[in-house]
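Undergrad: One structure, as structure tokens, below. Some questions next.
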Amino acid sequence: MIKKTSLLFAMFLASSLSMLAQDKDAVIEAIIQEANENSQLETLGHELMDGIGPRLVGTPQMKNAHDWAVAKYESWGIPARNEQWGEWKGWERGICHIDMVHPRVQSLRGTQLAWSPSTPKKGVTAELVVLPTVSDSLEFVNWLPNVKGKLVMISMPQPTGRPDYNWEEFATEKSFEKMKKERDGQTEAWNQNMGNTGLNRRTLPVALEEAGAAGIVSSYWSRGFGVNKIFGAYTKEIPTVDLELEDYGMLYRLVESGQQPQLHIVAESKELGKVPTFNTIAEIKGSEKPDEYVILSAHFDSWDGGTGATDNGTGTLVMMEAMRILKKAYPNPKRTILVGHWGSEEQGLNGSRAFVEDNPGIVDGVQAVFNQDNGTGRVVRISGGGFLHAYDYLGKWLHEVPGEITDEIETTFPGTPARGGSDYASFQAAGAPAFSLSSLSWSYWNYTWHTNRDTYDKIIFDDVRNNAILTAILAYMASEHPVKTSREKAALPISSRTGEQLEWPTPRSPERNGGQN
Ligand SMILES: [Zn+2]
């Protein structure tokens with residue numbers, strides 16, 4: 001009798017387990033099917049990158065993006081909201097034209113740096129000058145009056161606009177070596193001279209402005225064909241523009257050969273006073289453990305030389321698409337699935353640091369955070385982030401993802417916590433198990449990251465689709481996991497730099513009143 005009961009019980013158990021397995025497979029199947037057959041990625045990418053455009057903190061476009069995301073989530077039946085966490089200097093990019101008007105006319109490829117002051121309505125026309133070679137700061141100060149009414153070129157002219165990989169392919173070994181040696185020497189001399197002025201990248205434009213310069217012209221080559229990094233300006237009254245390498249080099253050579261080139265610059269940006277900054281938060285409430293959280297994480301802001309397509313448009317698309325798919329394939333999660341689209345990551349993880357600081361309850365309830373923020377490529381690296389038992393759960397969850405998506409993923413356990421870099425670091429610092437879904441490069445560092453070429457055409461939608469499937473399945477598995485994940489920290493390794501054991505990073509407060517200089 002006893003035997004019979006236990007046999008029956010065993011049969012019941014076996015059948016309910018296989019039911020569970022079937023249900024589980026059914027959810028995963030549904031996730032994959034929705035992602036592949038009803039993908040919204042191209043539409044979302046077009047609306048965000050082409051329609052709304054770049055998302056610099058403090059711009060109206062950043063606010064437009066937050067409002068767009070809330071409306072999207074609501075259209076998918078997912079409650080969403082914008083949470084204010086601070087304020088920033090408000091600024092909006094306007095029409096910007098840079099033309100050479102002497103010794104001949106040529107329209108140039110360049111743009112205002114972020115937050116750069118505007119020109120008068122009709123623009124400025126002025127002659128270009130380059131920095132002198134000086135032996136000390138006194139000599140530089142004596143030269144400074146020469147900049148009055150002039151546009152000053154402050155970047156080293158590159159000896160070649162061909163990236164090294166192109167030289168490697170076509171140059172003789174001898175001429176490639178010679179070019180690199182000359183470039184190294186030129187760079188060293190340039191830095192030495194900059195040191196002699198007593199100024200640096202930040203303080204030089206300010207000193208030139210105070211000496212009466214009409215504007216600053218720089219060029220931050222990103223070591224690829226036609227590609228420059230576009231960051232923020234340090235001037236307060238006069239415009240700072242970046243010119244692409246080809247144009248910058250030509251002008252520099254014209255100055256040096258005594259042809260006194262002149263530019264006409266029109267830069268119609270607007271200062272908008274202080275504006276509020278936000279994170280967009282959307283949630284699918286947990287049915288069994290609503291106070292435990294699986295968090296999908298991607299910063300929403302960008303620099304504005306391009307449209308922020310791979311930094312971090314693609315991370316944004318992955319998280320939005322994963323949420324949309326989860327709402328369809330897994331509408332009643334065990335734990336709450338929350339997505340955070342953070343503001344102002346680019347100026348120091350500000351949105352996510354604010355969220356962590358303002359929501360200790362949510363941070364305590366974190367089951368797992370999945371962050372994606374290094375380009376359009378398929379995920380190829382996942383680290384345990386220094387959580388001692390991360391392998392036990394993350395390994396199990398990854399096992400449920402189709403092999404064709406996980407095949408190339410290299411895992412490191414237990415790994416070490418990040419000290420910055422992207423928003424998962426904000427959560428790790430607070431002890432919450434947070435993981436970076438790290439992408440294949442697709443020439444991210446040279447061609448798209450913070451550049452004027454970070455645009456829609458660089459998105460690899462098949463890879464982004466894989467990442468959305470991966471994220472949705474990991475979120476599903478984390479939500480269903482039988483127990484709360486361990487937060488036990490691994491003993492960190494000895495630092496090769498200090499010889500001392502590394503310490504776990506601690507939470508840092510965000511900048512909540514930014515861009516006020
Ligand atoms: Zn980023």
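The values are calculated or read from the model by the stated rules, or taken from the named source; none is laboratory data. None of the values given here were measured: they were computed from a predicted structure. Note: ideal-geometry Cβ built from the backbone for every residue, glycine included; neighbour counts use all protein chains shown. These accessible areas exclude ligands, DNA and RNA; they are computed on the full protein's heavy atoms, side chains included. Shrake-Rupley method; radii C 1.70, N 1.55, O 1.52, S 1.80 Å.
Undergrad: If you stretched the chain out fully between residue 177 and residue 139, how much longer would it get, using 0.36 nm times the residue separation minus the C-alpha to C-alpha distance?
TA: My answer for the length gained is 10.2 nm.
Undergrad: Another question, then. What is the dipole size for region 372-420, taken about its Cα centre, with +1 at each Lys and Arg Cβ and -1 at each Asp and Glu Cβ, in debye to the nearest 20?
TA: Magnitude of the dipole: close to 220 debye.
Undergrad: Another question, then. For residue 71 and residue 146, FRET efficiency with R0 = 56 Å and r from the beta-carbon atoms, rounded to 0.05?
TA: 0.55
Undergrad: In whole angstrom, note down how far apart the Cα centers of region 202-230 and region 438-489 are.
TA: 33 Å
Undergrad: Something else about it: Is the shape of region 383-505 best called rounded, prolate or oblate, per the rule: a/c under 1.5 gives rounded, else a/b larger than b/c gives prolate, else oblate, with a ≥ b ≥ c the square roots of the Cα gyration tensor eigenvalues?
TA: oblate
Undergrad: Over region 400-517, average the accessible area per residue using a 1.4 Å probe and give it in Å², no decimals.
TA: 48 Å²
Undergrad: Tell me the mean residue ellipticity at 222 nm calculated for the chain from its helices only (DSSP H runs of n ≥ 4, each -39500 (n - 2.57), averaged over every residue, nearest 500).
TA: Here the helix-only value at 222 nm equals -11000 deg cm²/dmol.
Undergrad: Something else: How do 443, 107 rank by accessible surface area computed with a 1.4 Å probe, from largest to smallest?
TA: Listed by decreasing accessible area, they come as 107, 443.
Undergrad: Within region 473-517, find all residues whose amide N lies under 15 Å from a label point positioned 7 Å from the Cα of residue 84 along Cα-to-beta-carbon.
TA: Only 512-514 pass the distance filter.
Undergrad: Another question about this same structure. Please report the net charge: other residues with Cβ closer than 12 Å to the Cβ of residue 181, K and R +1, D and E -1.
TA: So the environment of residue 181 carries a net charge of 0.
Undergrad: What shape does region 35-75 take by its C-alpha gyration tensor, where a ≥ b ≥ c are the square roots of the eigenvalues and a/c under 1.5 counts as rounded, a/b above b/c as prolate, and the rest as oblate?
TA: Note, shape of region 35-75 comes out oblate.
Undergrad: At 1.4 Å probe size, with the rest of the protein present, what percent of the exposed accessible area of the chain is carbon and sulfur atoms?
TA: 52 percent
Undergrad: Label-point separation (nm) for residue 164 and residue 99, each offset 7 Å from Cα along Cα-to-Cβ?
TA: 4.0 nm
Undergrad: Quick one: 3J(HN,Hα) in Hz for region 218-229, Karplus 6.51/-1.76/1.60 with θ = phi - 60°, rounded, Gly and Pro as x.
TA: Going residue by residue, I get 10, 8, 10, 5, 9, 6, x, 4, x, 10, 10, 8 Hz, with x marking Gly and Pro.
Undergrad: Ignoring ligands and nucleic acids, what accessible area does residue 445 show with a 1.4 Å probe (Å², nearest 10)?
TA: My reading of the accessible area for residue 445 is about 140 Å².
Undergrad: Step through the table entries 229/285; 178/458; 63/236, compare each Cα-Cα distance with 31 Å, and write down the pairs that go over it.
TA: 229/285; 178/458
Undergrad: Please give the FRET efficiency for residue 36 paired with residue 64, using the beta carbon to beta carbon distance and R0 = 22 Å, rounded to the nearest 0.05.
TA: For residue 36 and residue 64, the calculated efficiency is 0.15.
Undergrad: Additional query: Over the chain, how many percent of alpha carbon pairs lie in each 10 Å bin up to the one with the longest distance?
TA: Per 10 Å bin, starting at 0, the Cα pair percentages come out as 4, 17, 24, 22, 17, 10, 4, 1, 1, 0, 0.
Undergrad: For a test of the definition: using alpha carbon positions, the gyration tensor, and the 1.5 limit on a/c, classify region 448-496 as rounded, prolate or oblate.
TA: Oblate, since a/c reaches 1.5 and b/c is not below a/b.
Undergrad: Follow-up. So for region 78-189, taking the charge dipole from beta-carbon charges (+1 Lys/Arg, -1 Asp/Glu), which of 131, 102, 158 sits furthest toward the positive end?
TA: Of the candidates, 102 comes out farthest on the positive side.
Undergrad: Taking the 0 to 90 degree range and rounding to the nearest ten, how far is the long axis of helix 314-329 tilted relative to the main principal axis of the chain, both from C-alpha atoms?
TA: For 314-329 against the chain, the angle is about 20 degrees.
Undergrad: Give me the one-decimal nm value for the distance between modelled label points at residue 109 and residue 506, 7 Å along each residue's Cα-to-Cβ direction.
TA: Each label point lies 7 Å from its Cα, and together they span 4.8 nm.
Undergrad: About the Cα centre, and with charges only on the beta carbon of Lys, Arg (+1) and Asp, Glu (-1), how big is the dipole of region 238-364? Nearest 20 debye, please.
TA: I would put it at about 720 debye.
Undergrad: While we're on this one: Going toward the positive end of the dipole of region 401-517, with +1 on Lys and Arg Cβ and -1 on Asp and Glu Cβ, which of 482, 451, 431 do you reach last?
TA: Going by the charge dipole, the pick is 431.
Undergrad: Normalise the Cα radius of gyration of region 420-459 by 2.2 N^0.38 Å (N = residues in it) and let me know the number.
TA: The reported ratio for this selection is 1.51.
Undergrad: Something else about it: Sort 203, 59 by heavy-atom solvent-accessible area, probe 1.4 angstrom, most to least.
TA: 203, 59
Undergrad: Just add up the charged neighbours of residue 407: K/R +1, D/E -1, any other residue whose Cβ is under 15 Å from the Cβ of residue 407.
TA: -4
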